[in-house]
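Just below is one structure, and these are the notes that go with it.
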Amino acid sequence: MMDDLRELYQEVILDHGKHPRNFRHPDESNRQAKGENPMCGDRFMVYLTVKDGVVEDVAFQGRGCAISTASASMMTELVRGKTAAEAETLFETFHDLCTKDDEDHADHGPVDDETMEKLMVMSGVRQFPVRVKCATLAWHAMNAALHGQDSASSDSF
């Protein structure tokens, strides 16, 4: 990983890990899913408020390492205001960034440049394979909630 990207990755992890955004339980959430990584003990509940196919609100609660907390925090900022289809595209794009080499990324649809730049920061987790499940846990829970499922476990991804 390039030094500038590695430094930015560390800054983002520290900032979102210490000051997570949207760490709460929204009163009007209408979808939720639990994400659990039994190997390390990370556990999150992701709450979505989806109205007319748009994610109007997204939040999370739980506990986890700095990487999983930072990723959950970033996810809430990026998914809010997106359609369910756009949120799924973000999930698939983020998952590819964390798990595949650049040339192996599938085209899941358009992701604007600003969002892609934010997602790229977290792609540094690829350098630490044992941490990929930490980074993707909340995203898997969000995707499960979008599809009406009540949980996602790192045992299945």
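The values are calculated or read from the model by the stated rules, or taken from the named source; none is laboratory data. If you're wondering where the values come from, they're calculated on a predicted model, not measured in any experiment. Virtual Cβ from ideal backbone geometry, glycine too; neighbours counted across all protein chains shown. Accessible surface is based on the protein model in full, side chains and every heavy atom, while ligands, DNA and RNA are left aside. Shrake-Rupley method; radii C 1.70, N 1.55, O 1.52, S 1.80 Å.
When you scan segment 109-117, do you find a residue that is among the hydroxyl-bearing types (Ser, Thr, Tyr), surrounded by fewer than 20 Cβ atoms within 10 Å (Cβ to Cβ) and at pLDDT 85 or above, even just one? First the steps, then the outcome.
Of the residues in segment 109-117, the ones among the hydroxyl-bearing types (Ser, Thr, Tyr) are 115.
Then keep just the ones that are surrounded by fewer than 20 Cβ atoms within 10 Å (Cβ to Cβ); that gives 115.
Next, from what is left, pick out any that are at pLDDT 85 or above: 115.
Yes; the residues of segment 109-117 include at least one that is among the hydroxyl-bearing types (Ser, Thr, Tyr), surrounded by fewer than 20 Cβ atoms within 10 Å (Cβ to Cβ) and at pLDDT 85 or above.
Within segment 137-151, can one find any residue that is out of contact with any Phe, Trp or Tyr (no Cβ under 7 Å at 6 or more places or on another chain) and closer than 22 Å to residue 19 by Cβ? Working first, answer last.
First, the residues of segment 137-151 that are out of contact with any Phe, Trp or Tyr (no Cβ under 7 Å at 6 or more places or on another chain): 144-151.
Checking which are closer than 22 Å to residue 19 by Cβ leaves us with none.
Within segment 137-151, not a single residue is out of contact with any Phe, Trp or Tyr (no Cβ under 7 Å at 6 or more places or on another chain) and closer than 22 Å to residue 19 by Cβ.
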Whichever residue in segment 93-103 is part of a helix (DSSP H, G or I) and either within 10 Å of the chain's Cα centre (by Cα) or basic (Lys, Arg) (or both) and, among such residues, is surrounded by the most Cβ atoms within 10 Å (Cβ to Cβ): 94
Pair list, Cβ under 9 Å, 6 or more apart: segment 138-155 residue among the acidic types (Asp, Glu), other residue modelled with pLDDT of 95 or more and open to solvent by less than 10 Å² (accessible area, probe 1.4 Å): 150/33; 150/144
Failed item, numbered, when residue 41 is tested on (1) closer than 21 Å to residue 87 by Cβ; (2) open to solvent by less than 90 Å² (accessible area, probe 1.4 Å): (1)
Test set (1) open to solvent by 70 Å² or more (accessible area, probe 1.4 Å); (2) assigned to a helix (DSSP H, G or I); (3) within 18 Å of residue 128 (Cβ to Cβ) - residue 77 fails condition number: (3)
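Being hydroxyl-bearing (Ser, Thr, Tyr) and either surrounded by fewer than 19 Cβ atoms within 10 Å (Cβ to Cβ) or modelled with pLDDT of 95 or more (or both) is the filter here, so list the residues in segment 141-157 that pass it. Give the derivation first.
In the first step, residues of segment 141-157 are kept if they are hydroxyl-bearing (Ser, Thr, Tyr); the result is 151, 153-154, 156.
Selection gives 151, 153, 156.
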Matching option when the condition is modelled with pLDDT of 95 or more and assigned to a helix (DSSP H, G or I), among 33, 72, 59: 72
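Please determine whether any residue of segment 6-29 is open to solvent by 50 Å² or more (accessible area, probe 1.4 Å), touching a residue at least 60 places away in the same chain (Cβ under 8 Å) and within 20 Å of residue 116 (Cα to Cα).
Of all residues in segment 6-29, those open to solvent by 50 Å² or more (accessible area, probe 1.4 Å) come to 6-8, 10-11, 14-15, 18-19, 21, 23-25, 27-28.
Next cut, touching a residue at least 60 places away in the same chain (Cβ under 8 Å) only: 6, 8.
Narrowing further to those that are within 20 Å of residue 116 (Cα to Cα): 6, 8.
Yes, segment 6-29 contains a residue that is open to solvent by 50 Å² or more (accessible area, probe 1.4 Å), touching a residue at least 60 places away in the same chain (Cβ under 8 Å) and within 20 Å of residue 116 (Cα to Cα).
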